[in-house]
Amino acid sequence: MLFERYGSLLLDLDGVVFRGREPVGAAVATLAELRERGARLAFLTNNSSRTPAQVADMLAGLGIQARSDEIVTSALATADLLSSRAGDRAYVIGRDGVRAALRGVGIEVVDGAPDGVDLVVVGFDGEATYDTLRTASVLVQRGARLVATNADASFPAPDGLWPGAGALLSVITTTTGAVPEIVGKPFPPIFEAALDRAGGTPPLVVGDRLDTDVLGATRLGWDSMLVLSGVSTMADLEASDVRPTYVAPDVSALLEP
């Protein structure tokens, strides 16, 4: 079987394991069999809105077994990056995942309309409003450092693509002209953190996006599998210079010869 060629499997979530609130195709059965066969698994996601424990609970509700220590979010990677700045104040566009991660490394999360902060941190936030985006833009103009958990323009939902953290970030960068520091995929820290959790080399990265999952694996010299159950399509692949090692309809291909 294909997965047996690799020491570990690093799987994206949105578009690979689930889409919206439903599991993708054969994901439940495939992941269960991979565990039975002893595969080393870790899950990595650019979605910063949930904590690892919340992600694990959500997966359990879909019938997928995962421990919180197997899950790496862009919020955790962002907190690791900013951990040396304990004591700083941050205005956050984001949900529980990024807020908890920042507080966990000693950064104060400030709400409302502060006069100034050290950091503006942007992650996915389905409840972001014009007011929060305006406040973030003003704070950046006053000198706050702009950091983004990821720059995904969209994420896959059952009825199509929904705006992602990158879409929110673009409002601020268009308004201010600021250049953000971006933490999540396709940059190495989140991939390396996932490999640390899974153990076993060489890893295979399984994802649905050429511009994050496959590009990030390529930069690290790792093999990748593009699954067509999420964002990137065959037309996207044909038009791209980024090339995965494998292309498959969904994760069930991991159990094929």
message = As an exercise, identify the trypsin sites (Lys or Arg not before Pro) in segment 131-200 lying in DSSP coil whose Cβ has no more than 16 other Cβ atoms within 10 Å.
response = ARG142
Entry for semi-axes √(5λ) of the Cα gyration tensor in Å (calculated from the structure that is shown) out of (i) 29, 20, 19; (ii) 32, 18, 16; (iii) 30, 24, 16 = (ii)
ask   = ASP88's amide H: which non-local residues (gap 5+, or another chain) put their own amide H closer than 5 Å, with H modeled 1.01 Å from N in plane and none for Pro or chain starts?
value = GLU108
key: Residue-averaged [θ]222 nm for the chain, counting only DSSP H segments that reach four residues, each worth -39500 (n - 2.57)   = -9500 deg cm²/dmol
request  = Report, by chain and number, residues whose modeled amide H sits under 5 Å from the one on LEU9, excluding near sequence neighbours (fewer than 5 apart, same chain).
outcome  = ARG40, LEU41, ALA42, LEU204
query = Among 161-167, 95-101, what's the highest-first ranking by average C-beta atoms within 10 angstrom per residue?
reply = 95-101, 161-167
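How would you classify segment 81-197 from its alpha-carbon gyration tensor, with a ≥ b ≥ c the square roots of the eigenvalues: rounded for a/c under 1.5, else prolate if a/b is greater than b/c, otherwise oblate?
Numbers: a/c = 1.63, a/b = 1.09, b/c = 1.49.
Oblate is the answer for segment 81-197, as a/c is 1.5 or above yet b/c matches or exceeds a/b.
Rounded, prolate or oblate, given the Cα gyration tensor of segment 147-257, with a/c below 1.5 counting as rounded?
oblate
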ask   = By the gyration tensor of its Cα atoms, with a ≥ b ≥ c the square roots of the eigenvalues, what is the shape of segment 71-117: rounded for a/c under 1.5, prolate for a/b over b/c, or oblate?
value = oblate
key: Carbon and sulfur %, accessible surface of segment 140-209 computed with the full protein complex present, 1.4 Å   = 57 percent
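How big is the equivalent ellipsoid of segment 205-257 along its three axes, where each semi-axis is √(5λ) from the Cα gyration tensor, reported in whole Å from largest to smallest?
Here the semi-axes work out to 16, 14, 9 Å.
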key: In nm, spacing of pseudo-spin labels at THR175 and ALA113 (7 Å Cα→C-beta vector)   = 1.2 nm
request  = Step through the residues of segment 37-42 one at a time and calculate ³J(HN,Hα) from phi using the Karplus curve (6.51 cos²θ - 1.76 cosθ + 1.60, θ = phi - 60°), rounding each to whole Hz and writing x for Gly and Pro.
outcome  = 8, x, 5, 8, 10, 9
request  = Could you sort 73-82, 52-61, 109-118 so that the peptide with the highest average Cβ count within 10 Å comes first and the rest follow in order?
outcome  = 73-82, 52-61, 109-118
note = With T = 20 °C, eta = 1.002 mPa s and Kirkwood Rh from C-alpha pairs, the Stokes-Einstein D of segment 1-123 in µm²/s is about 136 µm²/s
ask   = Hey, what's the chain come to in accessible area per residue, 1.4 Å probe, Å²?
value = 43 Å²
task = At a 1.4 Å probe radius, which order do ARG40, ARG35 fall into by accessible area, largest first?
result = ARG40, ARG35
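The values are calculated or read from the model by the stated rules, or taken from the named source; none is laboratory data. Quantities reported herein were computed from a predicted structural model and do not represent experimental measurements. All Cβ positions, even for glycine, are placed from backbone atoms using ideal geometry, and neighbour counts span all protein chains on display. These area figures cover heavy atoms from the full protein model, side chains too; ligands, DNA and RNA do not enter into them. Shrake-Rupley method; radii C 1.70, N 1.55, O 1.52, S 1.80 Å.
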